[in-house]
Amino acid sequence: MTEHPRGIARRLVTVTRGGAAPGVDAPLDLLGGPDERTRLRAVIRELVDATAAMLLHRGGDNPDHLYLLDLRDAEGNEVSVDDLTPPVRALVRAVLADLNGRPEDVDVQLELSVRNEGGDPLSVLVLALLWTVGSLEWCEAHDADPPAWLAQTA
């Protein structure tokens with residue numbers, strides 16, 4: 001399959017939001033093949049870029065700002081980034097790098113996120129999808145423009 005990672009990401013977002021994506025019976029089959037890890041990393045990169053763009057839109061895109069994340073558990077308690085599994089920690093750091101305009105660091109962190117060390121790389125995809133969908137739903141609720149390639153999802 002030679003579909004562009006952005007197309008795969010769009011279809012996965014559509015399915016995550018409860019929509020139908022033509023030709024997608026098993027969404028994760030979109031990632032299969034001999035270059036599975038490379039494809040997974042590229043799809044997650046599209047999701048991270050979209051999430052960061054929507055967060056910047058939400059918080060005001062100011063190049064003089066340094067962006068941080070306040071991580072909380074289900075009960076609202078602070079969580080240290082060091083307490084996260086290595087793949088999730090790398091994903092958090094990838095989003096922060098993207099927010100702070102450090103594309104080379106995004107690439108390094110995404111490579112770490114898809115390694116099979118300390119967690120399942122597909123869980124990173126699921127988390128990235130949830131963050132993207134959450135950001136997209138915020139844009140819709142606040143009449144904000146999401147990235148154009150996500151505007152037509154379910």
Give the range 99-154 a look and list any residue that's in contact with a helix residue (DSSP H, G or I) (Cβ under 6 Å, 6 or more places away or on another chain), closer than 16 Å to Gly7 by Cα and part of a loop (DSSP other than H, G, I, E, B), or say none.
-> Pro146, Pro147, Thr153, Ala154
Hey, does the range 75-90 have a residue that's more than 22 Å from Thr16 (Cα to Cα), β-branched (Val, Ile, Thr) and touching a Leu at 6+ places or on another chain (Cβ under 6 Å)?
-> yes
Are there any pairs with C-beta distances below 8 angstrom linking a residue in the range 132-154 that is of a type in the set (D, E, K, R) to a residue that is in a loop (DSSP other than H, G, I, E, B), with the two at least 6 apart or on different chains, and if so which?
-> Glu140/Pro146; Asp145/Ala151
Answer residue from the range 65-81, given it is among the acidic types (Asp, Glu) and at pLDDT below 90 and is surrounded by the most Cβ atoms within 10 Å (Cβ to Cβ) among those | Asp73
Considering each of Ser135, Ser123 in turn, give the residue that is closer than 23 Å to Gly59 by Cα and hydroxyl-bearing (Ser, Thr, Tyr).
-> Ser135
Any chance Leu91 is surrounded by 13 or more Cβ atoms within 10 Å (Cβ to Cβ), in contact with a Ser or Thr (Cβ under 6 Å, 6 or more places away or on another chain) and under 22 Å from Arg11 (Cα atoms) | yes
Under 6 Å by Cβ, and 6 or more places apart or on different chains, what pairs join a residue from the range 119-131 that is under 20 Å from Leu150 (Cα atoms) and touching a residue at least 12 places away in the same chain (Cβ under 8 Å) with one that is surrounded by fewer than 20 Cβ atoms within 10 Å (Cβ to Cβ) and not acidic (Asp, Glu)?
-> Leu129/Thr16
Provide a single number: the residues in the range 46-96 that are under 28 Å from Ala144 (Cα atoms) and not hydrophobic (A, V, I, L, M, F, W, C).
-> 18
Report whether or not Ala141 is loosely packed, with under 15 Cβ neighbours inside 10 Å, modelled with pLDDT of 90 or more and of a type in the set (A, V, I, L, M, F, W, C).
-> yes
Out of all the residues in the range 23-48, which are at pLDDT below 60 and either surrounded by 14 or more Cβ atoms within 10 Å (Cβ to Cβ) or in contact with a Pro (Cβ under 9 Å, 6 or more places away or on another chain) (or both)?
-> Val24, Pro27, Leu30
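The values are calculated or read from the model by the stated rules, or taken from the named source; none is laboratory data. Quick caveat, the model's predicted, so the values are computed rather than measured. Heads up, the Cβs are rebuilt from the backbone with ideal geometry, glycines too, and the neighbour counts pull from every protein chain shown.
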